[in-house]
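A quick write-up on the structure given underneath.
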Amino acid sequence: MAVIGVGRFIQQRQDFEDSIARSYQVEMVARERIARGTGGVKARAVVNQQATRREELRDEISGDTRDTALLVAAGLLAGLTGALLLFSGLISSMRRPLEQLVDAAGRLAAGDRSARVEVGGLAETATLGTAFNEMAEELEQEEVRRAELDRLKDDFVLTASHELRSPLTSVQGFAELLMLERDSLTPRQAETVEVILDNCRHLVRLLNDLLDLARSDAGRLSIRPQPTEVAPLIADVVRTMRAQTEAGGQALSEAVDPNLPPIDVEPDRIRQILVNLITNAHEYSPEGASIGVTARVGGAEVEIAVSDNGPGIPKEHLERIFERFTRGDAGLTQRVGGTGLGLAISKSLAEAHGGSIVAESEVGRGSTFRLRLPVASAPGTATGGAPSDQATAEAG
Ligand SMILES: Nc1ncnc2c1ncn2[C@@H]1O[C@H](COP(=O)(O)OP(=O)(O)OP(=O)(O)O)[C@@H](O)[C@H]1O
Ligand SMILES: [Mg+2]
């Protein structure tokens, strides 16, 4: 419309100038006749007429120019509105797929491997959408493959540990029998059987640990919880560990809150955790160190803490202490022959009970491991050993 307006304006100016020129020509002819004295009244009338005509032409052109200007303005306005509408349509057609992409990328990063986008919009956004969907598809398939490999690994470890454990247990049994006949063996033979027995015990423990971890990974670590009294359980573990700590010249004490409610656990599994924690405290602390086991209630959980005043664990190592095969290099760790599985298993077991385990430590001051376990919900007959007549026991 604006272009038509401009065209019309040019045409009108052209017509106006032609008409003005023609009017001057007619007037010039009339003036010539007047000058020559041949025109008379008629020629003068023509001169006046042409002056009036030019006035009219000027009025006409200014009116036309105003109309044309309005037409051009209206055209420009319509053009601008159209352009705006087109532009906003274009922006929204680009925005929707981009918003979808951002949303899907966020979900994918958060672990939702099924996140996909609807491919659409401009060619570039559609290409981006297709590439995103392909990438998400690959990630999803990769995850499926990884889960399958994990399952195969768990199965292999489970089967291998299980199959190796049986013959090893029988070798251990025979070595123990031979040890009973120690007196009839030569000193060299007795020493050899002792080495065999030590190695068998170490291997059986390692295989048991591997079995537990593989079961936990495969979601097959079955826990049979029952309401269990805490004090007798702790007293039992402390009793078993005392021979070892005394041999190391270490003081092992226990202090248990008198009003502890029973906890909902499988007692053997909790013993296993406590033995791991006390063994660590004993093995990594020097001769003469103190080891303490305490228990108290906190909300819906009972917290059992195993503390020592041993070498402590450096901060950077403390963060990774519950990972498998993680062993420190400070203190007595290198001297003690461990596998780095004890705490990983303890954590799996605590979590399988719906509990948790955390470590606090300061180099040079010692470490504390806190095991939190759920209180038994319904009152029942708690097991765990004979209830102690002295609820808070201090030993050492
Ligand atoms: N009470 C402690 N004091 C100092 N360091 C500790 C203590 N408990 C654990 N650690 C450190 O944490 C590491 C991991 O302990 P974890 O019990 O998992 O494995 P491990 O004792 O090395 O081997 P094992 O599988 O035989 O128990 C240890 O190697 C040791 O460096
Ligand atoms: Mg250990």
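Note on Lys315: aspartates and glutamates with a C-alpha under 17 Å away, same-chain residues under 8 apart excluded, are Glu323, Asp329, Glu360, Glu362. Mean projected area of the convex hull spanned by the Cα atoms of region 163-237, taken over all viewing directions: 7.5 nm². Since only Gly79, Ala51, Val41 are under comparison, the one whose Cα sits farthest along the positive direction of the charge dipole of region 34-122, derived from C-beta charges on Lys, Arg, Asp and Glu, is Val41. Site pair Glu124 and Lys42 shows an inter-label distance of 7.9 nm when each label is modelled 7 Å from Cα along Cα→Cβ.
Working from the Cα coordinates of region 41-194, the gyration tensor eigenvalues give, after taking √(5λ), semi-axes of 104, 12, 9 Å in decreasing order. For the chain, dividing the convex hull volume of the Cα atoms by the residue count gives 282 Å³ per residue. Compared with the dominant principal axis of the Cα atoms in the chain, helix 2-36 is inclined by about 20°. Taken over region 217-313, the alpha-carbon convex hull comes to 120 cubic angstrom per residue. The slack between Asp155 and Phe174, meaning 0.36 nm per residue of separation minus the straight C-alpha distance, is 3.9 nm.
Where a number appears in this text, it was derived from the coordinates with a stated rule and is not lab data. This one's a predicted model, so the numbers in the text were calculated from it and none came from an experiment. Quick reminder, even Gly has a Cβ in these numbers, built from the backbone with ideal geometry, and neighbours come from all protein chains shown.
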